[in-house]
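The values are calculated or read from the model by the stated rules, or taken from the named source; none is laboratory data. Since this is a predicted model, take the numbers as computed values, not measurements. Every residue, glycine as well, gets a Cβ built from its backbone with ideal geometry; the counts of neighbours run over all protein chains shown. Ligands, DNA and RNA are excluded from the accessible area calculation, which covers all protein heavy atoms including side chains. Shrake-Rupley method; radii C 1.70, N 1.55, O 1.52, S 1.80 Å.
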Amino acid sequence: MMHAKSRTGLNPLLFVILFAVFTSEPIFAQILKPSTFGKILKSTQEENGLTILSEGANIQVIVYRPATIRIRIFKTGFADSLSYAVVKGPEKTKFQISETQESIRLVTDSLELRISKDPVRLTFLNRKGEILSEDETFSTQWIGQKVTTYKKLQPGEKFIGLGEKTGSLNRFGNAYTNWNSDVPGYSIGQDPLYVSTPFFMGIHSKNLYGIFLDNTYKTEFNFGASNRRFSSFSAEAGEMNYYFFARSSVQGILEEYTSLTGKMPLPPFWSLGYQQCRWSYTPDKEVKRMAETFREKEIPADVIYLDIDYMDNFKVFTWHPKNFSKPKELLQDLKQLGFHTVVIIDPGVKVEKGYHAYEEGRAQDLFVKYSDGDFYQGEVWPSWSHFPDFTNPKTRIWWGEKFQGLVETGVRGFWNDMNEPATWGQRYPDNTMFNFEGEIGTHLRAHNIYGLQMSRSTYEGAKKLMKGERPFILTRAAFSGVQRYSAVWTGDNAANDDHILLGVRLLNSMGLAGIPFVGVDIGGFNGEKSSQDLFGRWISVGAFSPFFRAHSMRGTRENDPWSYGEHVEMISKAFIKWRYTLLPYLYSQFEESSTTGAPIQRSLVYKTPFDPKVYDWAFENQFLLGDALMIAPLKSNEQYIRVYFPETDWYDVYTDELLSAGSEKIVFAPLEKLPVFARAGSVVIQQNVVMHTTETPSDTLYLHVYNGMSGGSFNYYEDDGLTYNFENGDFFKRVIEFIPSKKQILLSKPIGKRNSQRKKVKVILHGFENIRAVKVGGKTLKTAEEFLPLPMRAMEEWSPVKNFLNLKGKKISTVIVDFQSDEFSISW
Ligand code: GLC
């Protein structure tokens, strides 16, 4: 009874209060003391896993695939919540559960999860019984709302991943924060930047595993920073919700991760070309002058950008009435010149009575509000602005439809910026509210996925409006899964040499986070360049990155191929041309990536995670473009670089010099010569130089085969480059395989409904003993002796690069064969 007196004569309620005051720790200590789980109380097998009730916390184990297990840990009860990153549920997967006095074991074809009962601790093992990852004694702990999972550091453990993060390839000894940030001119060690992908891999004693923490609050990763016991990952709030991947290769783990978070859709072919940007080309005449100059100078280019000044007072979905008074005509003219136009679209909608986006957004309740219901206003380019709530499905549809005018005007690409979200002052209020598909959350939960949801809304809207044409979307802020909607660039870098190499490392790491279509502002965005040469070197490195765009800040010197003197112009032109010859190779890589999730620009660790040299600071910037090419980037003021040759033998593409597997070499690399190598045993495809991707290339494909012990194959892919017809079989695909043991190149029977636009293929045999004739379908064809190194096709006219092409007595045999026939082989 509530008010009855007890035998002590005290009111029981008062008694409880006094008891609490005198016996328990002070309230603040209770809050600050880490809490964790004790022993198991009950475990239940479920259809796709296991639930465990224990002292202090509950666990849900969900088997997604044989090599993917999801772990959810709750302080109390169980709850459901949506994920914007993961788009695939658990697949029907075989697993067994067994139990002993001490532990519960869950075993799939690929891994074992052992859960000790007292206290509850999780250990992941491979099927050989080797430990991949095990909980530290701290296990999972809460301090206030913050939840952290601790894993024992394994002997010699290395860590890679987290996407757009500065620092070294091996992240051991460091810690990182995920909180998308607007960081103009960021320093080379700055953290966080614009993108959050809370996914990493651990590597130790020939074992590999991956962990993806699917929590959108501010998260932190510690890989042995300031301690020698643990690596950990934590979230400021929300649930401990992570996926564990057990595969024996980086490629395999990425496959698991992208099977959950999705793959890049095949972008339009034109978006692989060279792209020219500036804050801003204005007025319209200036934009046209740029495009015309490319054509006059015969420098290939495909895309021109309109930065914020094309708008009326920076109001999204408007055109500046004076400077861009006839946008449709402008875009037509640009199209005539072979240019696609991409326009910037920021999230901030100007607060201005009568402005359509403002009026509609308010009337339909589509903007972010404070917790008291007042529309939030933050200041950005258009001054005070409202912010669309992209976690509200209604807002996403509205926003998507707003692109109609732009699409009708002829715009085919949309550049989403300032979507961290950025505001002057950089303190978007915590107490602003977001819809979360009806779940409702604060800015603390929405911040890191704002860019992802904006990209989604832009992509879905544009795709619908473009009626069967593929849109190109670019974003600055992002979260895991952004590859499904958009390419990503690394924001406002700085115009200095350190940033050339930082940019390479960022892109290498983003590829390891499932985002293949990535690039940097070539030439550097922030500040004046340290030298003319900077642009020359940067564009040569950028020519081998997936997204190839030069961009610079207003008020700085122009950032185009001809603004740094004739010499740099020639270098830029040569490397842009080289890029254009590689477009069929690149496009085939894009297609592969859209189905496998593989990066296009690949850190060396992608293939050889157990080779300690790939983590060496001297070599960690080297990267692969696809499987066959390796680039060793360097600064503009350096002339020599020490290069490491991992895994196989490699050919210097300028000289065909063979460099043996595991060796190192100091390579002469003046500004005109970026070190590029071709893998022994590989196949590289080229075409002739075109000025833009809408120009039809010649009907001859160039097929470089580099001799090697183990051979290799290439999945050649073509389609219309523009529509989704490939989804209905309108493509041409064939495997080109070099089989050294048979002295043979095999071209498989093409699949797909499409005929190749290439009639002939010129086969260029590098590094073989003199091959004087080859057999093709019973016929003997004589080969020619021709010096045709890989950069040659790009260097048809004078260019400074040409001086470095050196025969040194190397013989190269070439032969032209018909590409249209069904399966056939070339043998010798
Ligand atoms: C941001 C972008 C930059 C753009 C500028 C003006 O700083 O990162 O690329 O040029 O805004 O829109």
- List the number of the failed condition for Gly752; all other conditions in (1) in contact with a Phe, Trp or Tyr (Cβ under 9 Å, 6 or more places away or on another chain); (2) within 18 Å of Ile736 (Cα to Cα); (3) in contact (Cβ under 8 Å) with a residue 40 or more places away in the chain hold. (3)
- Among the candidates Asp333, Asp309, Asp284, residue that is of a type in the set (Asp, Glu) and free of Cβ contacts under 8 Å to residues at least 40 places away in the same chain: Asp309
- Do we find a residue being under 29 Å from Thr693 (Cα atoms), exposed (fewer than 15 other Cβ atoms within 10 Å of the Cβ) and either aromatic (Phe, Trp, Tyr) or within 33 Å of the chain's Cα centre (by Cα) (or both) anywhere in the range 738-752? yes
- Message: Looking at the structure I just gave you, is Arg505 away from the ligand (no atom under 16 Å from the Cβ), open to solvent by 10 Å² or more (accessible area, probe 1.4 Å), within 22 Å of Val605 (Cβ to Cβ) and not acidic (Asp, Glu)?
- Response: yes
- Message: Would you confirm whether or not the range 477-498 contains a residue that is within 25 Å of Val689 (Cβ to Cβ) and more than 19 Å from the chain's Cα centre (by Cα)?
- Response: no
- Determine, yes or no, whether Gln404 is surrounded by fewer than 23 Cβ atoms within 10 Å (Cβ to Cβ) and closer than 24 Å to Leu82 by Cβ. no
- Message: Here are the criteria: (1) open to solvent by 70 Å² or more (accessible area, probe 1.4 Å); (2) outside any strand (DSSP E or B); (3) touching a Lys or Arg at 6+ places or on another chain (Cβ under 7 Å). Tell me which single one Ile816 does not satisfy.
- Response: (2)
- Query: If you take the residues in the range 280-289 that are within 31 Å of the chain's Cα centre (by Cα) and surrounded by 21 or more Cβ atoms within 10 Å (Cβ to Cβ), which one is nearest to the ligand (Cβ to nearest atom)?
  - Reply: Tyr281
- Taking the range 665-682 as the search range and keeping residues that are part of a strand (DSSP E or B) and more than 29 Å from the chain's Cα centre (by Cα), which one is surrounded by the fewest Cβ atoms within 10 Å (Cβ to Cβ)? Ile666
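Please state which one of Ala462, Ala495, Ala477 is touching a Phe, Trp or Tyr at 6+ places or on another chain (Cβ under 6 Å), within 16 Å of the ligand (Cβ to nearest atom), closer than 30 Å to Phe339 by Cα and at pLDDT 95 or above.
Ala477
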- Message: Just to verify a result, which residue in the range 631-658, among those that are open to solvent by less than 10 Å² (accessible area, probe 1.4 Å) and over 17 Å from Val705 (Cβ atoms), is modelled with the lowest pLDDT?
- Response: Tyr654
- Message: Suppose the filter is under 21 Å from the mean Cα position of the chain (by Cα) and either within 16 Å of the ligand (Cβ to nearest atom) or open to solvent by 10 Å² or more (accessible area, probe 1.4 Å) (or both); does Ser259 pass it?
- Response: yes
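Please determine whether any residue of the range 714-722 is under 17 Å from Pro791 (Cβ atoms), modelled with pLDDT of 95 or more, in contact with a helix residue (DSSP H, G or I) (Cβ under 9 Å, 6 or more places away or on another chain) and open to solvent by less than 40 Å² (accessible area, probe 1.4 Å).
No, that holds for no residue.
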- Within the set of pairs 6 or more residues apart or between chains, which connect a residue that is under 30 Å from Phe738 (Cα atoms) inside the range 628-640 to a residue that is part of a loop (DSSP other than H, G, I, E, B) with Cβ atoms less than 6 Å apart? Ala628/Ser682; Ile631/Phe544; Ala632/Gln622; Ala632/Pro675; Pro633/Asn621
- Query: Any chance the range 472-480 includes a residue that's out of contact with any helix residue (DSSP H, G or I) (no Cβ under 7 Å at 6 or more places or on another chain), open to solvent by 10 Å² or more (accessible area, probe 1.4 Å) and touching a residue at least 12 places away in the same chain (Cβ under 8 Å)?
  - Reply: no
- At least 3 residues that are in contact with a Ser or Thr (Cβ under 9 Å, 6 or more places away or on another chain), farther than 30 Å from Met264 by Cβ and open to solvent by less than 20 Å² (accessible area, probe 1.4 Å) in each: list the strands (runs of 3 or more DSSP E) lying fully within the range 57-102 that qualify. 57-65
- Task: Considering each of Gly524, Gly514, Gly519 in turn, give the residue that is within 16 Å of the ligand (Cβ to nearest atom) and at positive phi.
- Result: Gly524
- Tell me which residues, restricted to the range 85-123, are of a type in the set (S, T, N, Q) and either at pLDDT below 95 or under 21 Å from Thr140 (Cβ atoms) (or both). Ser103, Ser116, Thr123
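Any residue in the range 442-452 that is within 16 Å of the ligand (Cβ to nearest atom), open to solvent by less than 20 Å² (accessible area, probe 1.4 Å) and modelled with pLDDT of 95 or more? Break it down stepwise before answering.
Initially, the range 442-452 is screened for residues within 16 Å of the ligand (Cβ to nearest atom), giving 450-451.
Those left that are additionally open to solvent by less than 20 Å² (accessible area, probe 1.4 Å): 450-451.
Then keep just the ones that are modelled with pLDDT of 95 or more; that gives 450-451.
Within the range 442-452 (the criterion being within 16 Å of the ligand (Cβ to nearest atom), open to solvent by less than 20 Å² (accessible area, probe 1.4 Å) and modelled with pLDDT of 95 or more), the answer is yes, since at least one residue qualifies.
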